[in-house]
Ligand SMILES: C[S@@+](CC[C@H](N)C(=O)[O-])C[C@H]1O[C@@H](n2cnc3c(N)ncnc32)[C@H](O)[C@@H]1O
Ligand code: SF4
């Protein structure tokens, strides 16, 4: 068994948005339904977040927090005062790694320069800006609260507020989108020169307006064309793809997401937040906090959490499922580092079969590392099936 618990991150969920986008199934709720006198219950939510964290503190087990991610919803809706108080409290309750990456999701429709300067001063050092598209008609179809100009200026404003680490979220495969339209969006995003670009293909999720009233999506041929040409454009401009949707300049991969995908630990606080925790006795479990903001706000911290153990026999598959999302070669020893368990014989046997089938690289395996071959990437489901208990 490894002597060290896996690296630990912190996720904080803010569940409110100005209005709900028709494609979105995240735990986000229209803010004005929760406001009293035009204000969100910031004080009550902050108090509950901290009580929620207090209840999870035993899981920290002396570890420094490597990264934090404030996601949503639209976290940039909350006031600067909220973040000064939140970040102060987090510094008091937790030990932080040097240069910990602390990201906030922001919507271009909520950009007031002065507020973002305060967010930076409070200690947030990375922004993830939800652009989605620059095209006026698509922004309308997507129900976005911002226009093209606001999307473009969000980056300048972030730079002026002191942010030197920025991600843009962009989507493709949008209703009636042609190859040219998708590439125009991507080119414009690249011109803004962010450090990181998340480029998601739109999926239609149950429980969304788009699921109930499906829009007309591009044909499969167009979708493939967009994917191929887009990835080429990203490469050409120095954005390396390191996960299905994640692309970054050198040294700017998202440390927080990397920790998820490498099967690191994370504490999740806030309505509907997920966590994954390893205990010193070797038990690993997932946590989920109650989803509805009102339920979250009105219950004792003990009532917020749902816990589910990950069984030992499921670990090889769980680990590989996360790990193989990343296009990186990794050390077999990482299994011990991130699961806190010895490498089981079953995992070694499965790797050997995968090599025979051409899914994993034989030369890397001789050096005790794991690399998915091009065939393995193509038959990812078949590869993963080999790790079933
Ligand atoms: C949790 S959302 C929050 C971002 C922020 N609230 C915003 O929209 O400006 C994170 C990202 O997931 C992507 N996303 C959300 N729903 C999606 C869907 N149905 N298909 C593909 N990507 C989606 C969007 O790019 C979005 O920016
Ligand atoms: S603003 Fe972001 S989180 Fe909110 S509904 Fe739209 S996509 Fe979802």
Which of the residues spanning segment 376-389 are surrounded by 14 or more Cβ atoms within 10 Å (Cβ to Cβ) and within 12 Å of residue 357 (Cβ to Cβ)?
376, 379, 383, 386
Given (1) farther than 26 Å from residue 322 by Cα; (2) at pLDDT 95 or above, number of the condition residue 146 does not satisfy:
(2)
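Within segment 305-328, track down each residue that is assigned to a strand (DSSP E or B) and within 23 Å of residue 349 (Cβ to Cβ). Break it down stepwise before answering.
Kept after step one, since they are assigned to a strand (DSSP E or B), are these residues of segment 305-328: 305-310.
310 - this is the single residue of segment 305-328 that is assigned to a strand (DSSP E or B) and within 23 Å of residue 349 (Cβ to Cβ).
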Please pick out the residue among 280, 343 that is surrounded by fewer than 18 Cβ atoms within 10 Å (Cβ to Cβ), in contact with a helix residue (DSSP H, G or I) (Cβ under 8 Å, 6 or more places away or on another chain) and in a loop (DSSP other than H, G, I, E, B).
343
Among 176, 164, 156, 185, which is the only one that is free of Cβ contacts under 8 Å to residues at least 60 places away in the same chain, surrounded by fewer than 18 Cβ atoms within 10 Å (Cβ to Cβ) and under 23 Å from the mean Cα position of the chain (by Cα)?
164
Residue in segment 143-153 that is surrounded by the most Cβ atoms within 10 Å (Cβ to Cβ), counting only those that are within 13 Å of ligand 1 (Cβ to nearest atom) and part of a loop (DSSP other than H, G, I, E, B)
144
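Quick check, is residue 197 more than 16 Å from ligand 2 (Cβ to nearest atom), modelled with pLDDT of 95 or more and crowded, with 16+ Cβ neighbours inside 10 Å? Step through it out loud before you land on a result.
Details: more than 16 Å from ligand 2 (Cβ to nearest atom): yes; modelled with pLDDT of 95 or more: yes; crowded, with 16+ Cβ neighbours inside 10 Å: yes.
Here the answer is yes, as residue 197 does meet what is asked.
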Looking only at segment 304-327, count how many residues are surrounded by 17 or more Cβ atoms within 10 Å (Cβ to Cβ) and out of contact with any helix residue (DSSP H, G or I) (no Cβ under 9 Å at 6 or more places or on another chain).
0
Selected residue (criterion: nearest to residue 47 (Cα to Cα)) from residues of segment 325-339 that are touching a strand residue (DSSP E or B) at 6+ places or on another chain (Cβ under 6 Å) and in contact (Cβ under 8 Å) with a residue 40 or more places away in the chain
330
May I ask you to list pairs of residues, at least six apart or on different chains, whose Cβ atoms are under 8 Å apart, with the first in segment 277-298 being at positive phi and the second being at pLDDT below 95 and outside any helix (DSSP H, G or I)?
282/1; 282/340; 282/341
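Rundown of residues vs (1) farther than 28 Å from residue 191 by Cβ; (2) touching a residue at least 12 places away in the same chain (Cβ under 8 Å); (3) away from ligand 1 (no atom under 15 Å from the Cβ), yes/no style:
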| site | (1), (2), (3) |
| --- | --- |
| 92 | yes, no, yes |
| 98 | yes, no, yes |
| 113 | no, yes, yes |
| 122 | yes, yes, yes |
| 129 | no, yes, no |
Flagged pairs (Cβ under 7 angstrom, 6 or more apart or on separate chains; first in segment 300-312, under 15 Å from residue 47 (Cβ atoms); second surrounded by 10 or more Cβ atoms within 10 Å (Cβ to Cβ)) are 301/51; 301/52; 301/54; 301/55; 304/52; 304/289; 304/290; 304/296
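So which residues in segment 113-142 are farther than 30 Å from residue 51 by Cβ and either at pLDDT below 95 or assigned to a strand (DSSP E or B) (or both)? First the steps, then the outcome.
Filtering segment 113-142 for residues farther than 30 Å from residue 51 by Cβ gives 113-114, 129, 131-142.
Answer for segment 113-142, where residues must be farther than 30 Å from residue 51 by Cβ and either at pLDDT below 95 or assigned to a strand (DSSP E or B) (or both): 113, 114, 129, 131, 132.
Rundown of residues vs (1) outside the structural domain of residue 350 (by TED's automatic domain parsing); (2) in contact with a helix residue (DSSP H, G or I) (Cβ under 7 Å, 6 or more places away or on another chain); (3) modelled with pLDDT of 95 or more, yes/no style:
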site	(1), (2), (3)
274	yes, no, yes
285	yes, no, yes
292	yes, no, yes
296	yes, yes, yes
302	yes, yes, no
336	no, no, no
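Could you please let me know if residue 258 is within 24 Å of the chain's Cα centre (by Cα), more than 26 Å from residue 95 (Cα to Cα), touching a residue at least 12 places away in the same chain (Cβ under 8 Å) and part of a helix (DSSP H, G or I)? Don't jump to the end; show me each part of the working.
Details: within 24 Å of the chain's Cα centre (by Cα): yes; more than 26 Å from residue 95 (Cα to Cα): no; touching a residue at least 12 places away in the same chain (Cβ under 8 Å): yes; part of a helix (DSSP H, G or I): yes.
When the stated conditions are applied, residue 258 does not pass them.
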Test residue 381 against the criterion of being in contact (Cβ under 8 Å) with a residue 40 or more places away in the chain and under 24 Å from residue 243 (Cα atoms), and give yes or no.
no
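The values are calculated or read from the model by the stated rules, or taken from the named source; none is laboratory data. Note that the structure is predicted; figures quoted are calculated from it, not measured. Neighbour counts are summed over all protein chains in view; Cβ atoms, including those assigned to glycine, are modelled from backbone coordinates with ideal geometry.
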